[in-house]
Amino acid sequence: MEETEKRIETHRIRCLSKLKMFLLAITCAYVSKTLSGSYMNSMLTQIERQFNIPTSLVGFINGSFEIGNLLLIIFVSYFGNKLHRPIMIGVGCVVMGLGCFLQSLPHFLMNRYEYESTVSVSGNLSSNSFLCMENGTQILRPTHDPSECMKEVKSLMWVYVLVGNIIRGMGETPIMPLGISYIEDFAKSENSPLYIGFIETGAIIGPLIGLLLASFCSSVYVDTGSVNTDELTIAPTDTRWVGAWWFGFLICAGVNVLTAIPFFFLPKTLPKEGLEDNADIIKNNKEEKQREEVKKQKGGITKDFLPFMKSLSCNPIYMLFILISVLQFNAFVNMFSFMPKYMEQQYGKSSSDAIFLIGVYNLPPICIGYIVGGLIMKKFKITVKQAAHIACWLSLFEYLLYFSSFFMTCDNSSVAGITTSYEGIPKDLYVGNNILADCNMDCNCPTKTWDPVCGDNGLSYMSACLAGCETSVGTGINMVFQNCSCIQTSGNSSAVLGLCDKGHDCSMMLQYFLILSGIASFIYSLAAIPGYMVLLRCIKSEEKSLGVGLHAFCTRIFAGIPAPIYFGALVDSTCLHWGNLKCGKPGACRIYDSTNFSHIYLGLPAGLRGLSFLPAFLVLLLLRKRQLPGENASSGTELVQTKVTVKENECKDIHQNSKVSNDNELKTKL
């Protein structure tokens, strides 16, 4: 008898350790996948500038991840639950690594990055041909020379990034549905929210690392090591700057491959946590596995697919939850994907600084919110109804708080001929968009090349030539232009490279915006775990893997793919000046109307999120009216599945029950 107890205890400890090992491995997988995803989102602006493509196309590249995910999500969610889930997750991590490596390839296949400029002439910084003088020239002037135009075909290298992102999406597919269903199947119901909270914490640690990595890479010039950075005439705050976007993808590739290793050593199934020391339960688990094998042989692996789909489609709470998720995802995909660009244009920050600030102010509160939400679910044994109310009302409070961000905006950068007149009159108060003025009419300046300078009068100009500058001193980024006829100040009117700063008031608005976003992120993440448990507990256990996968499928096809595309097109509509390529075609946008940009960036998500509360209130109404069969206040059991609660004294009597009792218990579990 003692030997049997020791054997059962050893088996219990071994199974528990394997569950903990899987929990650690799946958390690391979440870290690696979210690391890659957050890095990709942070590099969208760099990719846009590197390949000189519009924001709408960048949005399509970003949404291609969801396309790859859609190719496999339903298949993996249904069939993966019947196959070896840990191994499938491991294979997915390897595929993600391959996709990240493919995304970095264009850097090694393209020539050096060239930005439009009027300052340097074939590397000779001593030339004054870019200043205000007769027969002034520009360096990257439009040309129809076939040999020069053929070089621009290499801008199609963005296809590598597109395909790599699709492959990365395919690899990410099994991690979430199979990982969550594995935890749900083999963990105690009261422990499941806490475990999922830890996993979601990993999904926050990954973006934090990804944003820090993106911030570093954005501050390093794309061709560093092969060019003399001292001769550069642009700074990281310039909209022509491109960081070393390719370097981070190589790191993400390595991390994803390393993360895959533990999954190949984990078992296909485990005993239910808390029942490892019950010999009859272990025996019944073996019998259950044998019956599943017989069922597969008789009916085939796809026999239950259509009934499961029908059952999920007829579940009103589940379908309403999908509708809520689609609307919310449309809002948040847009907000997080374009947040670095918004901070650049609205507050005048560099890509590196914007990404770093997002990581510091937003991700730690989200991480804390996930953990606290999981602990609350475990500590107070929150039921499904209570979880739904917590998620809804916390989200509504955060939504109302979000409207404060409409008051935390800055004015447009003052650029003569674009947002203001040469006399400093704002665009709203004068008619026309006149690049040329009396002060530079005879300078023969290029009117399409973006090479901004800041005058000592606080007004920016598209180029030193358009500022009427006649002389220059210094080299590289430290160059100073003097005798500028358009800069109306006392003394020697001068200008320096780059746009003028937006001032102290705008810096304070940025601080308020970041603090508000941090508070809102904490409140919303606090509601995330209760909300997610409503999704998991409103479907039957045998449908759980497919239900989670179908939920992911719908959010991707109706939000993840279209949202960045239409939002990118709306952002493009606010562009005030496009970059100019060698053959006269427009490149990436150089400056946006920050007022209209803020209306789109803040207003559209507000409208989408507002609509999501209509089905949310319907869910609360359905939960209130619906009789919850078998629900226990201490466990928060499933809404549609009658589940027998096994008490401690009943577990002790299992050894004394007859074979008929065991068969009935087995049927209940099946």
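The values are calculated or read from the model by the stated rules, or taken from the named source; none is laboratory data. Treat the numbers as computed from the prediction; the structure is a model and nothing was measured. All Cβ positions, glycine included, derive from the backbone under ideal geometry; neighbour counts span all protein chains shown. In case anyone asks, the SASA skips ligands and DNA or RNA and just uses the protein heavy atoms, side chains included. Shrake-Rupley method; radii C 1.70, N 1.55, O 1.52, S 1.80 Å.
In the range 214-235, which residues are touching a residue at least 60 places away in the same chain (Cβ under 8 Å) and either open to solvent by 50 Å² or more (accessible area, probe 1.4 Å) or in the same structural domain as Val453 (by the TED database) (or both)?
Those that are touching a residue at least 60 places away in the same chain (Cβ under 8 Å) and either open to solvent by 50 Å² or more (accessible area, probe 1.4 Å) or in the same structural domain as Val453 (by the TED database) (or both): Phe216, Ser219, Ser226, Asp230, Glu231.
If Leu35 passes every condition in (1) more than 17 Å from the chain's Cα centre (by Cα); (2) at pLDDT 90 or above; (3) surrounded by 23 or more Cβ atoms within 10 Å (Cβ to Cβ) but one, which one does it miss?
Here Leu35 clears every test but (1).
Please tell me if Phe481 is part of a strand (DSSP E or B), open to solvent by less than 10 Å² (accessible area, probe 1.4 Å) and among the aromatic types (Phe, Trp, Tyr).
Here the answer is yes, as Phe481 does meet what is asked.
Asn596: in contact with a Phe, Trp or Tyr (Cβ under 8 Å, 6 or more places away or on another chain) and at negative phi, yes or no?
Considered against the rule, which asks whether it is in contact with a Phe, Trp or Tyr (Cβ under 8 Å, 6 or more places away or on another chain) and at negative phi, Asn596 comes out as no.
For Cys506, which of the numbered conditions (1) under 30 Å from Leu623 (Cβ atoms); (2) modelled with pLDDT of 90 or more fails to hold?
(1)
Just checking, which of Asn111, Asn81, Asn62 is buried (at least 19 other Cβ atoms within 10 Å of the Cβ) and modelled with pLDDT of 80 or more?
Exactly one residue qualifies, and that residue is Asn62.
Scan the range 228-276 residue by residue and report those that are farther than 19 Å from Ile87 by Cα, assigned to a helix (DSSP H, G or I) and not polar (S, T, N, Q).
Correct list: Asp230, Glu231, Trp245, Trp246, Phe247, Gly248, Phe249, Leu250, Ile251, Cys252.
Among the residues of the range 563-582, how many are touching a helix residue (DSSP H, G or I) at 6+ places or on another chain (Cβ under 7 Å) and over 16 Å from Tyr601 (Cα atoms)?
So the answer is 2.
Against the conditions (1) farther than 29 Å from Trp450 by Cβ; (2) outside any helix (DSSP H, G or I); (3) among the aromatic types (Phe, Trp, Tyr), where does Phe101 fall short? Just the number, please.
(2)
When you go through (1) open to solvent by less than 30 Å² (accessible area, probe 1.4 Å); (2) assigned to a helix (DSSP H, G or I) one by one for Ile53, which number turns out not to apply?
Failed condition: (2).
Of (1) in a helix (DSSP H, G or I); (2) modelled with pLDDT under 90; (3) under 27 Å from Met339 (Cα atoms), Gln46 satisfies all except one. Which?
Of the numbered conditions (1) in a helix (DSSP H, G or I); (2) modelled with pLDDT under 90; (3) under 27 Å from Met339 (Cα atoms), the odd one out for Gln46 is (2).
Is the range 551-563 home to any residue that is without any contact (Cβ under 8 Å) to a residue 24 or more places away in the chain, surrounded by fewer than 18 Cβ atoms within 10 Å (Cβ to Cβ) and out of contact with any His (no Cβ under 6 Å at 6 or more places or on another chain)?
no
So that you can scan it fast, the table gives a plain yes or no per residue for (1) of a type in the set (D, E, K, R); (2) open to solvent by 10 Å² or more (accessible area, probe 1.4 Å):
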{"position": "Lys502", "(1), (2)": "yes, yes"}
{"position": "Leu514", "(1), (2)": "no, no"}
{"position": "Tyr524", "(1), (2)": "no, yes"}
{"position": "Ala527", "(1), (2)": "no, no"}
{"position": "Leu536", "(1), (2)": "no, no"}
{"position": "Gly549", "(1), (2)": "no, no"}
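Does Leu312 satisfy the criteria of being in contact with a Phe, Trp or Tyr (Cβ under 8 Å, 6 or more places away or on another chain) and modelled with pLDDT under 90?
Judged against the criteria, Leu312 is a match.
Among the numbered criteria (1) under 30 Å from Ile61 (Cβ atoms); (2) open to solvent by less than 30 Å² (accessible area, probe 1.4 Å); (3) part of a helix (DSSP H, G or I), which single criterion is violated by Phe332?
Status for Phe332: all satisfied but (2).
Scan the range 474-523 for residues that are β-branched (Val, Ile, Thr) and more than 21 Å from Gly458 (Cβ to Cβ) and jot them down.
Hits for the range 474-523 are Thr475, Ile515, Ile519, Ile523.
Could you list, in sequence order, the residues of the range 583-618 that are β-branched (Val, Ile, Thr) and touching a helix residue (DSSP H, G or I) at 6+ places or on another chain (Cβ under 6 Å)?
Ile600
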